[in-house]
Structures are given as C-alpha cells and as structure tokens.
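What follows is a short report on a single structure.
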Amino acid sequence: MNNMDEKNLLATLETVEKSLKNKTALIYAIGQEILTCMEPLLEAKDKALECGNLDEESRDCLKIIEKNVFHLTELAKDMTFSASPEPCMEKIEKKRYDTFFLTNGILDEAEKSALKKHIHFSFKTSDFIPQALSGDSGKIRQCVRLILMHVIFCTDEGEVIFSMKSKKMEENKILLEIKATGKGLCRIQKKSPGLDLAERLLSVMGAGLEFLQKSDGEFEFGFCLEQDVADWGTVKNVAEITDKSQGGGSSDFDFMEKLSLIEEISPEAAIKNCGNLPLLKSTLKSYYSSISKSQQEMQETFAAKDWKNYCIKAHSLKSTSRLIGALSLSQKAAGLESAAEKCDEKEIAKIHASFMEDYLSLEKKLSIIMVKNEASKPVISESDFEKKASEILALAESFNLNRLDEVVAELSGFSIPESKSGLFEKICGYVENVDFPELKKLLAER
C-alpha cells in the first residue's frame, strides 16, 4: 500500500468514525425524547380509565395504547443506554471530579420545572462534603437528574427537596447519599422509564435505587454510593469558614472574609444554602454575571405590566438571592412574586423601585470580589484556550454532554485572556441553554 492509499484510507476511516458518532448521538437524543414523552402518555391513559364512563371498545383501545407505549419505552431505554455519550456504559469510568459537578446545571433545570408546576424546590446538604471525589461522575449525574425530575413529575402540589450528604467511612473514603423527596399532593409512581434507566446505571456501579413512602403525601427516591476522596478541601464545614481564629492564610478564608464585608449578604447562610465553598463560588459568579440581564428583563416586564412573566422573574431572584445569602433581597423578591401572582399593581409599584435599587447596588459591591477572585486564578494561554475550544466543538458534535460540562467547568477555573473572554461567555451561554447548533456554528466560524 503506497502513502497515497494509506492517507485515503485514514481519511475514509475518520469520516466513517465521525458519521458513526453523529448517528449514535442522534439515536441517544431520540431515545431521550421518547422517554420524556412516555410518562405523560401513561398518565393520560390512567386518568382516562379513572373516568369510569368508557365503553368496552374505548377500554380496548387504551389497552392497545398501553401495550405499544410499553414496547416503545423498552426500545427507547435500550437506545438511550447503548448510545449514551458516556463511554463504556457497562463499565465504571473512575476519575477525579469536583463534587459540585454532580449537580451543576441540574438544580437550575429542576427549579424551572418545579416553578412551572407551582411547587417549591429546595436543596439541602450536610455541613461536611469533600471538595473532590473519585468515581464515575457521568453516571452519577445521570442518576441525579433522572431521579430528581421523576420526583418533580410525581409532585402536583407542595414541595420537592433534593439533598446530598456524605458520611466518612475510612481515611480516604465516604458514603455519598443522594435523595429527592416529594411532599404534598403526590401521584407516587414506583416505576418509570427514567427510574429503570437509573437502576441500570446504579447496578453498573454496584448500588441500587431506594424507595421510601413515609405517608400518602411524602415519598423519596435515592441511592448511596461509596466514593474515594480525591481532595478533602481546605474547608471542612461551616464553622471552619466563619471562624476567624483560623487566621487568614488560605484563599478560601480570604474569599469568605471579603464576602462578609457586604452587609446585604450573610456568609453563614450562603455556605449553608450552597453546601460547600466551590458551589458557592460558582453560584455567586453565575448570579453576578446575570444581574445586568435579569434587571433589564425585570424592568421590561414591569413596564409592559406582564405580571405572569414578572412573577417568574421575581421567583427566580427570590431563590437565587436566598442561595447566595442575600436574605433581605430574597424577601423583597418574595413580596413582588406574591403581588404579581395576584396582579396587585399597587403593591408591585410600592416595592419595585427599591428592590431594583438594592439589586443594582449589590452588583457594584459584588464586582470588587468577583474581579479580585478572577485575578487570583491561573491564566490560560490563548493557544491552550483554543485547544479546549476545539475539544468543546468535538464534544458538541458527538453530543457528549457530561464531558462538555467538565471542560467548561475546567475553563471556568482559569482567568480567560481578554481576547477570548467574549467567546467564552457565548460558549457558556449556549452550553447552559443546550443550544448545540449555535455552539457548533460559533466555534466552527471562530
């Protein structure tokens, strides 16, 4: 075989490999879409049967629908499992990961889903969680999302609570406990396509899906996994962060000390609500970067008297402000949310101006911390950034969501060159909104 033939063969193989990746990604996406659509269909079938006014022919039709939905669901589960972007689904892909990666983006998605159903969503965590673990983070993330979204689906009124705790077992090993609890008016379903997939993923990791029904109005799904500790972190619990007797040696302590100088924020509430320092830093950065856009949208809905969307914006700011420890601002947003629900223009007008003033004032105060925090990060060169951007493009083309999140999280830990900061902001926006067509277009044309 001459050099030309070898080059042509390699080019052909590369084209085939890329084509297979794209087709696999399409199969995975179709499988996920089918699974998403199946639960409402089964729910509609059950409600129809509950009516009791159906003739025999209608009942037979519903049985046929149920049978075909079952077969389609099984097919979709096999498609999703076999074509998952996570490599080696039947094996454990053990690697180091930051603990906050397990919930990064998922909690925002869950809160939006809960908001659409008018139910309350909250996140609880133990005071002590290691900063980094070693295990199959991709599979764990999928299980977290599948279980949490199922509990939200089953809860019609009330609240959903997501909790993540850790218990030290050996010197460098913990038991990670993850639970999603539904309280209130619930339609408890012990089986679903999503739960079946979660069970299969957990079985690969040597664990199982746990279910507990505490009462007619309270239930929970969860799982426990042993994980090796990669980094205990400089912060072990809430007390260590706020105890000034620790001195000012670590950057973590310096960060919390600067945060305590902002009178609108309670550092104790912030770390308690976020669970750990890495998650607090990530949440605070996201909160700060969205202030300009959020206040503009809030003002536009106020001017248009679009109280439905105004209520949604107020609810979001109530939750995120509480998360970062801005409790007073969160309470004001709660007042605006309540007034908007009742379309009480008089009450909204009474609170709106002072709320916006406080919100923008907080942006100025946070800017000092965020700029200094950014300056303390290691700098990534333009060439290394370009390599990461090329990797992101390849991951977007292969629909590898979990690795894509990891790469973006890695880049967030660096100070991005000014010439690339605008590009990185757009990348983050498209990844957050799962807008792969625009992401691929942006990176292909850069």
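The values are calculated or read from the model by the stated rules, or taken from the named source; none is laboratory data. Everything quoted here is computed from the prediction, not taken from an experiment. Methodologically, a virtual Cβ is constructed for each residue, glycine included, from the backbone with ideal geometry; neighbour enumeration extends over all protein chains shown. Remember, those area values only see protein heavy atoms, side chains included, never the ligands or the DNA or RNA. Shrake-Rupley method; radii C 1.70, N 1.55, O 1.52, S 1.80 Å.
Using beta carbons and a limit of 7 Å, which pairs, at least six apart or on different chains, have the first residue in the range 270-299 and over 16 Å from residue 123 (Cα atoms) and the second one at pLDDT below 85 and β-branched (Val, Ile, Thr)?
No pair meets every condition.
In the range 153-178, how many are open to solvent by 60 Å² or more (accessible area, probe 1.4 Å), in contact with an Asp or Glu (Cβ under 8 Å, 6 or more places away or on another chain) and basic (Lys, Arg)?
Number satisfying all stated conditions: 2.
Anything in the range 393-444 that is at pLDDT 85 or above and small (Gly, Ala, Ser)? List them, or say none.
Of everything in the range 393-444, those that are at pLDDT 85 or above and small (Gly, Ala, Ser) turn out to be 394, 419, 444.
All but one of (1) more than 16 Å from residue 290 (Cβ to Cβ); (2) modelled with pLDDT of 90 or more; (3) part of a helix (DSSP H, G or I) hold for residue 343, so report the exception by its number.
(3)
Confirm whether residue 383 is at pLDDT 75 or above, farther than 26 Å from residue 294 by Cβ and out of contact with any Ser or Thr (no Cβ under 7 Å at 6 or more places or on another chain).
yes
Take residues that are touching a residue at least 40 places away in the same chain (Cβ under 8 Å) and tell me which of the strands (runs of 3 or more DSSP E) falling wholly in the range 143-236 contain 2 or more.
Answer list for the range 143-236: 155-170, 173-186, 218-231.
Is the range 204-218 home to any residue that is in contact with a Phe, Trp or Tyr (Cβ under 8 Å, 6 or more places away or on another chain), of a type in the set (Gly, Ala, Ser) and open to solvent by less than 70 Å² (accessible area, probe 1.4 Å)? Walk me through how you get there before you give the answer.
Restricting attention to the range 204-218, the residues satisfying the condition of being in contact with a Phe, Trp or Tyr (Cβ under 8 Å, 6 or more places away or on another chain) are 207-213.
Adding the requirement that they be of a type in the set (Gly, Ala, Ser) leaves 207-208.
Filter again for open to solvent by less than 70 Å² (accessible area, probe 1.4 Å), leaving 207-208.
Yes, the range 204-218 contains at least one residue that is in contact with a Phe, Trp or Tyr (Cβ under 8 Å, 6 or more places away or on another chain), of a type in the set (Gly, Ala, Ser) and open to solvent by less than 70 Å² (accessible area, probe 1.4 Å).
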